[in-house]
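Enquirer: After the structure tokens below, expect a handful of questions from me.
The values are calculated or read from the model by the stated rules, or taken from the named source; none is laboratory data. The model shown is predicted, which means the values in this text are computed figures rather than measured ones. Cβ: placed from backbone, ideal geometry, glycine included. Neighbour counts: every protein chain shown. Just so you know, the surface numbers come from the protein's heavy atoms only, side chains and all, with ligands and any DNA or RNA stripped out. Shrake-Rupley method; radii C 1.70, N 1.55, O 1.52, S 1.80 Å.
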Number of protein chains: 2
Amino acid sequence: MRVVITGAFGFLGSRLADTLLRTRTFRGAPITRLVLADRVVRPDSPVATDPLVDVVHGDLIERLDEVFAEPVDVLFHLAAAVSAECEADFDLGMRANVDTTRTLLDAARAQSAVGGPTPRVVFASSLAVYGSSPELPLPAVVSESSLTMPRSSYGTQKLLCEHLIADYTRRGFLDGRVARLMTVAVRPGRPNAAASGFLSGIVREPLSGAPATCPVRPDLHVALASPRRTVQGILRIAEAERGVGPGRLEGPLPVNLPALTVSVAEMLATLRQVAGEAVAGLVTVAPDPAVEAIVGSWPAVFDSGRAAALGLEPDSSFLSIVRDYLADHPDAVIRRTDSS
Amino acid sequence: MRVVITGAFGFLGSRLADTLLRTRTFRGAPITRLVLADRVVRPDSPVATDPLVDVVHGDLIERLDEVFAEPVDVLFHLAAAVSAECEADFDLGMRANVDTTRTLLDAARAQSAVGGPTPRVVFASSLAVYGSSPELPLPAVVSESSLTMPRSSYGTQKLLCEHLIADYTRRGFLDGRVARLMTVAVRPGRPNAAASGFLSGIVREPLSGAPATCPVRPDLHVALASPRRTVQGILRIAEAERGVGPGRLEGPLPVNLPALTVSVAEMLATLRQVAGEAVAGLVTVAPDPAVEAIVGSWPAVFDSGRAAALGLEPDSSFLSIVRDYLADHPDAVIRRTDSS
């Protein structure tokens, strides 16, 4: 079984790679090669140096021949330009998110068309396919049956890919599965250009002793998932059998990963509880209309029945998310005063 | 005001051109040039020889420079590959319906980006953006708030364009409006490769003395609109002011054109009523699973409140649709025995 991950040296990609390298199987079958493709690679990282791993370095469209040099059984397509990037540079987003995905889908289709295996394509979409606007508010509780009307170019681009994947799957070109990611927090490392990046930053930066800006009003509610739950969800959707009943992937719809709904104020209160007043005081609230327009258009409350049928549950609390972060990244915290 | 119609020598395009050439205005302003673009043109037709008209002949992507040789104020984008074509030839559909539209949108965007007028882009979409499947049936009554999950490549491609247009509009690149067309009947002329083509053929062919095949079970219900109502609807959506209240185009959603819901059996009964038993007897019912899969996945019953707010009403009956056809195309009927 040859498994490919795009965006493999990104935060989620490398966690997914690490998870697959622990079991070295997919649906119980041995993984013979794990291909890690990315524009930016870390050749010395533990996942890159594993003997099972091949690294493909560069733009996916240009490196397509390497990715499909041998038949691809499973393709996790995580590579993407992020939300604020796509809002700032429309053409970059269209190329990175739409054209690249379409090129991958056509390569997968070409493989099955000549008698090769029908690849299982697992696409990381986003809650940004939903969008609330004054003229068209979202329902109070959002599910996969809710209308998708994105209010960002990023969300639009993800939605286009979802529909392409649905059509390629319906036609039998490939076996596509779509996991809609919630906002993943707490992300380690440096801030990225995602409009939602601050939802990690307002915890990560103060814990490391650095100031952070919160660009939305604290009463904004958001839908979060920890990195652990997110990778678990992607993998579960990838491995599920299609069909009707518990544990199976039913029908043509994407799956919204389960969400923990919290307000930004509750997040800050949790930070205060875990790390104390001085650390929490490093956060300055300074609403930015551009960020509020994107993040505020996303739904915060989900009916996650479809994910639950696959055995997926949300994080239990933001406190548990922060504790996960502290456990996974002890080096990222220089002022840890966790009283728990 | 320079107005462009793509697919202008198609059935709806030429009717729209004819309508615009009668008033020679758009929103009360004089039309200075009317550009009729199509892959196949009829240079001797009355619309083509009008002094106001420029004809652009060829593939749209290749003729883009001619279309945008002068600033475009209004672009009616009707050119498309039709449903059965797209199901038979996936790449043709992607190119004709997605790539061509994207190229046009980018040209419109480039025009406004350099300080030219922001083009009004009116896109003919389709009820095929909705799709019913056993795992995901449509609601009993469909509106613009209903989930769009197409079950054909044609519907997928139309939906992709809708979302691109929504994003280009949100960003201010252009002023996009989307009219979702119902099945247009009765179309004159020769059968085309639309899966819904038989819904015209089962009336048009017998009236001309020719046999016709009905490839669906007669209890199938369909959503129809006459050519008159369809062109009227496209033009109304194009001319409407944006805003809240009667007569205005509110919010970012497309507009479903109003539909007359009838069963195929009722259509055949109307044919019998209008033209007699012998003519109606020219229709043979022979269900074709490929056609039923496409047409049967489309919704038949709509809540058309959004269209009604723009003053648009459905045809009153299939009898009135047939009478329109007889009035507009007297030459197409060789056995007319209309008792009305």
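Enquirer: Can you give the mean number of other chain Cβ atoms that lie within 10 Å of the Cβ atoms in peptide B:144-153?
Expert: Average per residue, whole number: 5.
Enquirer: Taking amide H positions as placed in the peptide plane 1.01 Å from N, state which residues far from A:L138 in sequence (5 or more) or on other chains have amide H under 5 Å from it.
Expert: A:S133
Enquirer: When all protein chains stay in place, what accessible area (Å², nearest 10, 1.4 Å probe) is found for B:W298?
Expert: Looks like 20 Å² after rounding.
Enquirer: Got a sec to turn the phi values of the stretch A:132-147 into Karplus ³J(HN,Hα) couplings, 6.51 cos²θ - 1.76 cosθ + 1.60 with θ = phi - 60°, whole Hz, x for Gly and Pro?
Expert: 9, 9, x, 6, 8, x, 6, x, 4, 10, 9, 9, 5, 7, 6, 4
Enquirer: Let me ask something else about it. If we count every other residue with Cβ under 11 angstrom of B:M149's Cβ, Lys/Arg +1 and Asp/Glu -1, where does the sum land?
Expert: Result for the local shell: -2.
Enquirer: Can you work out the Karplus-derived ³J(HN,Hα) for every residue in the stretch A:184-196? Use 6.51 cos²θ - 1.76 cosθ + 1.60 with θ = phi - 60°, whole Hz, and x for glycine or proline.
Expert: Each residue of the stretch A:184-196 in turn: 8, 8, 9, 7, x, x, 8, x, 10, 8, 6, 4, 8 Hz.
Enquirer: Once the dipole of chain A is set up with Lys and Arg at +1 and Asp and Glu at -1 on Cβ about the Cα centre, which of A:G247, A:I202, A:L75 lies farthest towards its positive end?
Expert: Going by the Cα projections, it comes out as A:G247.
Enquirer: Please work out how much length the chain gains when fully extended from A:S145 to A:A332, using 0.36 nm per residue of separation minus the C-alpha to C-alpha distance, in nm with one decimal.
Expert: The A:S145-A:A332 span can extend by a further 63.4 nm.
Enquirer: Roll a 1.4 Å probe over the protein chains and send me the accessible area per residue for the protein assembly as shown in Å².
Expert: That works out to 38 Å² for each residue.
Enquirer: Taking a quarter of the surface of the convex hull around the Cα atoms of chain A, what do you get in nm²?
Expert: Value for chain A: 16.6 nm².
Enquirer: Determine, from the Cβ-Cβ distance of A:A293 and B:V114 and an R0 of 25 Å, the FRET efficiency 1/(1 + (r/R0)^6), rounded to the nearest 0.05.
Expert: The value I calculate is 0.45.
Enquirer: What residues qualify as long-range amide H neighbours of A:L249, i.e. H under 5 Å apart, gap of 5 or more or another chain, H built at 1.01 Å from N?
Expert: Residues meeting the criterion, in which the H sits 1.01 Å from N, are A:E241, A:R242, A:G243.
Enquirer: Also, I was wondering about something else. Relative contact order, percent, of the stretch B:1-137 when contacts are C-alpha pairs under 8 Å separated by at least 6 residues?
Expert: Relative contact order here is 24 percent.
Enquirer: Show the residues, 5+ positions off or on another chain, whose built amide H is closer than 5 Å to the amide H of A:V262.
Expert: Close amide H contacts, sequence-distant or interchain: A:V222, A:L224.
Enquirer: A follow-up question, please. Enumerate the helices in chain A for which the Kyte-Doolittle hydropathy averages -1.0 or more and the C-alpha atoms extend at least 24 Å along the helix's axis, using complete DSSP H runs.
Expert: A:153-170
Enquirer: Restricting to the stretch B:203-325, what percent of DSSP beta bridges are antiparallel, rounded to 5?
Expert: If we restrict to bridges inside the stretch B:203-325, about 45 percent are antiparallel.
Enquirer: OK, next. Using a 1.4 angstrom probe on the protein heavy atoms only, line up A:Y154, A:Y130 by accessible area, largest first.
Expert: Ranking A:Y154, A:Y130 by accessible area, largest first, yields A:Y154, A:Y130.
Enquirer: Please give the net charge around A:D219, taking every other residue with its beta carbon less than 12 angstrom from that of A:D219, where Lys and Arg add +1 and Asp and Glu add -1.
Expert: Here the charged neighbours net out to -1.
Enquirer: Taking the full set of protein chains and a 1.4 angstrom probe, give the accessible area of A:H57 in square angstrom, rounded to the nearest 10.
Expert: Using a 1.4 Å probe on the heavy atoms, I get roughly 100 Å².
Enquirer: At 222 nm, what value in deg cm²/dmol follows for chain B if DSSP H runs of at least 4 each add -39500 (n - 2.57) and the sum is divided by all its residues, to the nearest 500?
Expert: Helix contribution divided over all residues of chain B: -10000 deg cm²/dmol.
Enquirer: With the label 7 angstrom out along Cα to Cβ, how close does A:T284 come to the same site in each of the other copies, in nm, nearest first?
Expert: 8.1
Enquirer: Could I ask something else about it? Using only Cα atoms, what is the ratio of the radius of gyration of the protein assembly as shown to 2.2 N^0.38 Å?
Expert: The reported ratio for this selection is 1.04.
Enquirer: A further question on this structure: Residue by residue through the stretch A:45-56, which ³J(HN,Hα) values in whole Hz follow from phi under the Karplus form 6.51 cos²θ - 1.76 cosθ + 1.60 (θ = phi - 60°), with glycine and proline marked x?
Expert: Whole-Hz 3J(HN,Hα) from phi for the stretch A:45-56: 5, x, 5, 5, 8, 5, x, 7, 9, 10, 9, 10.
Enquirer: Could you please report the charge total around A:A81, scoring K, R as +1 and D, E as -1 over all other residues with beta-carbon less than 14 angstrom from its beta-carbon?
Expert: Neighbour charge sum, excluding A:A81 itself: -4.
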